[in-house]
Amino acid sequence: MPHANAVGRPDVTLPRRSSGVDADGSGTPTLEPGSGDRGLWLTGGEGIYAGNDPALDLSIPDAAIGTTIYAPTHMSPGGACMETVTAHWRYAGMASTAHGHGFWDWCASDGTGGWQLFEFMDATWRAQYVRPYRGESRYWTQVFSDAPSSWKGLLYNFNEGRWEEKVSIAGSNVSGFGSVGWTMWESHYLMDVAQLCPRLPDIRASGLRLYVNASWMELSDSNSQDTLGPYGLCWVDGTYDFRLPKKRDSWLARTSK
């Protein structure tokens with residue numbers, strides 16, 4: 001859908017994203033992807049599958065203008081080139097919060113990196129990709145390696161009844177996280193300066209799977225680990241709460257307390 005691809009259009013404001021991190025690329029990363037995050041590090045496999053809460057009711061308040069929230073966001077382990085990202089953002093000059101989904105290129109396959117595809121969650125997009133799931137809205141995404149150093153990003157198109165390939169890229173991971181991936185609630189400039197912890201709608205990721213040895217497998221202690229505690233003021237002081245079931249097939253970010 002070229003008309004829905006916002007990349008390169010000068011008339012829209014895309015969510016900002018850091019293009020790299022300070023990490024040594026081995027084991028557990030030394031820094032979180034954002035400035036206020038909670039989730040899981042993923043250490044085994046070459047693909048990720050997830051049902052995502054589009055969280056279209058999330059509204060960033062006036063006091064937090066300048067905030068970007070990526071939630072849910074998923075980066076496959078295995079040196080992935082591509083992150084599948086749900087984005088919510090509100091910057092100066094925006095009257096309300098914007099919502100979208102994109103595939104971020106972590107291999108800089110075109111020399112620049114950044115959003116390879118970004119689509120706003122308008123009515124047309126929602127009609128194709130969003131459906132009720134256990135009483136909540138979900139859209140379904142997967143990123144996996146189909147050949148060495150080659151990655152595909154897909155969304156499930158309910159109108160067509162099939163997985164729709166959105167992006168295909170190849171290259172070597174330059175994220176700074178090496179082979180480690182994540183599934184996470186990530187924020188930027190929400191918790192950096194002041195104790196600003198606005199009430200936001202809870203966000204859930206469902207049906208989490210990793211692509212291991214050509215099969216989709218459940219997350220376990222052997223291929224995933226907690227982010228070693230909360231990161232960012234709102235998580236540290238308990239205003240926000242992260243809930244992870246023992247089975248690790250989902251997570252819930254409680255930010256409405």
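The values are calculated or read from the model by the stated rules, or taken from the named source; none is laboratory data. Quick caveat, the model's predicted, so the values are computed rather than measured. Counting neighbours? That spans all protein chains shown, and the Cβs are built from the backbone with ideal geometry, glycine included.
A few notes on this one:
- Residue that is surrounded by the fewest Cβ atoms within 10 Å (Cβ to Cβ), among those in the stretch 211-257 that are over 20 Å from T141 (Cα atoms), over 18 Å from the mean Cα position of the chain (by Cα) and without any contact (Cβ under 8 Å) to a residue 12 or more places away in the chain: K246
- Qualifying residue in the stretch 194-206 (condition: in contact (Cβ under 8 Å) with a residue 12 or more places away in the chain and small (G, A, S)): yes
- The one condition from (1) within 21 Å of P54 (Cβ to Cβ); (2) buried (at least 23 other Cβ atoms within 10 Å of the Cβ) that G100 does not meet is (2).
- Those strands (runs of 3 or more DSSP E) of the stretch 25-126 in which at least 2 residues are among the polar types (S, T, N, Q) and either at pLDDT below 90 or within 15 Å of the chain's Cα centre (by Cα) (or both), considering only elements entirely within it, cover 67-75, 82-90.
- Test: residue in the stretch 66-84 that is without any contact (Cβ under 8 Å) to a residue 12 or more places away in the chain and either of a type in the set (K, R) or surrounded by fewer than 23 Cβ atoms within 10 Å (Cβ to Cβ) (or both): no
- Single match in L252, L200, L154 (criterion: among the hydrophobic types (A, V, I, L, M, F, W, C) and part of a loop (DSSP other than H, G, I, E, B)): L200
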